Amino acid sequence: MIPVPHRIALLGFGNVGREFARLLLERRSELAREHGLEAEIVAIFTARHGNVESAKGIDLRRALRLHEAGKSIVPTGRAIRIPAMDYIRRSRADVVIDLTPLRIAARQPALDHILTALRGGKHVVTANKGPVVYHYRRLRELSRRNRVGFRYEGTVMDGAPIFNLFQETLRGAHVLAFEGILNSTSNFILSEMEAGRSYGDGVAGARERGLLEADPAMDLEGWDATVKACLLANVLMEGRLRPEDVPRQGIAGIDADRVRRVHAAGGAVKQIARGGWTGRRVEASVSVEELPPRHPLASVDGTSSALRVRTDMLEDLVILERNPGVRQTAYAVYSDLIAIHEGRLNP
């Protein structure tokens, strides 16, 4: 099998972007042998370490070393001196991977990047929830019209195959409702409080472990879980929800005594994201709830995530991801790339 080359423009070289680069390095032979795929990153855009391109493929090992040393990655190729959107428009890359930070807004740079790529006949993989939650239908139709891939498996539960499962494997099953623990940082803090620590100690522990978003409100005030609830409702149930319009409750300032009291009784205090039909409308919410001991989500602790889904075919399906790390999100991007290469352009 002669490998088919894919030239990748990588937007974002943070934790997930660097782990994705490591995956490509580790699996290069396997990709060629088992999938007939030769993946080359020909451009990298970073927030603070420079933007670089190389038609022959960037030396990822060197780029990783430079980044980890706090240095510019530009020595790995030629500096890019134009905005990312202009580069995407002119680039010979055929895949754009957007790993830029989440913003709670309909208008954001990531949307412009994705639109430019799709209109230019380039495949798109993203782990950025923002463009998908606000513009899913528009982006889906544009990708189908231009016959290019648009995949986003890493937007909700890291590497757990949520969208692949319901859109590809469970074809014909209709999602009626869901509930889940979707923000691992909040769940970690609640678990720390169960163990006797204060809310402040839990937040500090999350920050030390690199779990807390650059804007802590995304985690502590429930924005991340709300975006994910809307994303699930919009993609799996054809909803039209916007995060700012959804009832939202974060864990900021939660009473540690309450958490420990419920835990001592066998239950658990959890931040629960919900979605479902109310009459003919799809609705969602995020709230802090006291779960009884036998609730399937009560034992989901630490940085674990879980999603419980009710469909018209499978009445009660639970998906659990135990303590995922950044590699799991990078894997979602990796698997989306393989899917596009194999012709599965949209989940």
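The values are calculated or read from the model by the stated rules, or taken from the named source; none is laboratory data. Bear in mind the structure is a predicted one, so any value in this text is a computation, not a measurement. A quick note on method: Cβ atoms are made from the backbone with ideal geometry, for glycine too, and the neighbour counts reach across all protein chains shown. Heavy atoms of the whole protein, side chains included, go into the accessibility calculation; ligands, DNA and RNA do not. Shrake-Rupley method; radii C 1.70, N 1.55, O 1.52, S 1.80 Å.
Answer with yes or no whether ARG48 is within 30 Å of GLY222 (Cα to Cα) and open to solvent by 70 Å² or more (accessible area, probe 1.4 Å).
yes
Only one residue in ALA284, ALA225, ALA298, ALA268 is within 17 Å of PHE163 (Cα to Cα), open to solvent by less than 40 Å² (accessible area, probe 1.4 Å) and either at pLDDT 95 or above or touching a strand residue (DSSP E or B) at 6+ places or on another chain (Cβ under 6 Å) (or both), so which one is that?
ALA225
Taking the range 6-59 only, how many residues are of a type in the set (Val, Ile, Thr) and in a strand (DSSP E or B)?
5
Failed condition for ARG92, given (1) more than 30 Å from ARG240 (Cα to Cα); (2) open to solvent by 60 Å² or more (accessible area, probe 1.4 Å); (3) at pLDDT 95 or above, with all others met?
Failing condition for ARG92: (3).
Out of GLY172, GLY250, report the one residue that is open to solvent by 30 Å² or more (accessible area, probe 1.4 Å) and either touching a residue at least 60 places away in the same chain (Cβ under 8 Å) or more than 21 Å from SER299 (Cα to Cα) (or both).
Just one listed residue meets the conditions, GLY172.
Taking the stated definitions as given, is GLU192 without any contact (Cβ under 8 Å) to a residue 40 or more places away in the chain and either within 19 Å of the chain's Cα centre (by Cα) or outside any loop (DSSP other than H, G, I, E, B) (or both)?
The answer is yes for GLU192.
Need pairs with beta-carbon distance below 6 Å; first residue closer than 13 Å to VAL333 by Cα and within the range 1-21, second charged (D, E, K, R) and open to solvent by 20 Å² or more (accessible area, probe 1.4 Å); sequence gap 6+ or separate chains.
Hits for this filter: GLU19/ARG327.
(1) closer than 17 Å to GLY154 by Cβ; (2) in contact with an Asp or Glu (Cβ under 7 Å, 6 or more places away or on another chain); (3) at pLDDT 95 or above; (4) not aromatic (Phe, Trp, Tyr): which one isn't true of ASP201, the others all being true?
(1)
Name the strands (runs of 3 or more DSSP E) wholly inside the range 230-347 in which the number of residues that are among the small types (Gly, Ala, Ser) is 2 or more.
So the answer is 268-278, 281-291, 305-311.
Can you name the residue in the range 62-78 that is of a type in the set (Val, Ile, Thr) and free of Cβ contacts under 8 Å to residues at least 60 places away in the same chain and, of all such residues, is most open to solvent (accessible area, probe 1.4 Å)?
For the range 62-78, the residue satisfying everything is VAL74.
Go through the range 132-148 residue by residue and tally those that are in contact (Cβ under 8 Å) with a residue 40 or more places away in the chain, of a type in the set (A, V, I, L, M) and either within 21 Å of PRO101 (Cβ to Cβ) or surrounded by fewer than 21 Cβ atoms within 10 Å (Cβ to Cβ) (or both).
2
Looking only at the range 233-247, filter to residues that are of a type outside the set (Lys, Arg) and either in contact with a Phe, Trp or Tyr (Cβ under 6 Å, 6 or more places away or on another chain) or open to solvent by 50 Å² or more (accessible area, probe 1.4 Å) (or both); which one of those is farthest from ARG151 (Cα to Cα)?
Per the criteria, the residue is PRO247.
Restricting to the range 198-211, what's the tally of residues that are surrounded by 16 or more Cβ atoms within 10 Å (Cβ to Cβ) and under 23 Å from ASP257 (Cα atoms)?
5
One line per residue, one yes/no per condition, for (1) part of a loop (DSSP other than H, G, I, E, B); (2) modelled with pLDDT of 95 or more; (3) closer than 19 Å to MET218 by Cβ:
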{"residue": "ILE104", "(1), (2), (3)": "yes, no, yes"}
{"residue": "ILE114", "(1), (2), (3)": "no, yes, no"}
{"residue": "PRO131", "(1), (2), (3)": "no, yes, yes"}
{"residue": "ARG138", "(1), (2), (3)": "no, yes, no"}
{"residue": "ARG144", "(1), (2), (3)": "no, yes, no"}
{"residue": "ARG147", "(1), (2), (3)": "yes, yes, no"}
{"residue": "ASN164", "(1), (2), (3)": "no, no, no"}
{"residue": "GLY172", "(1), (2), (3)": "yes, no, no"}
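Go through (1) touching a residue at least 12 places away in the same chain (Cβ under 8 Å); (2) open to solvent by 80 Å² or more (accessible area, probe 1.4 Å); (3) more than 20 Å from GLY222 (Cβ to Cβ) for ASP257 and report which single condition fails.
Every condition holds for ASP257 apart from (1).
Being aromatic (Phe, Trp, Tyr), over 14 Å from ASN183 (Cα atoms) and under 19 Å from the mean Cα position of the chain (by Cα), is that true of even one residue in the range 324-332?
yes
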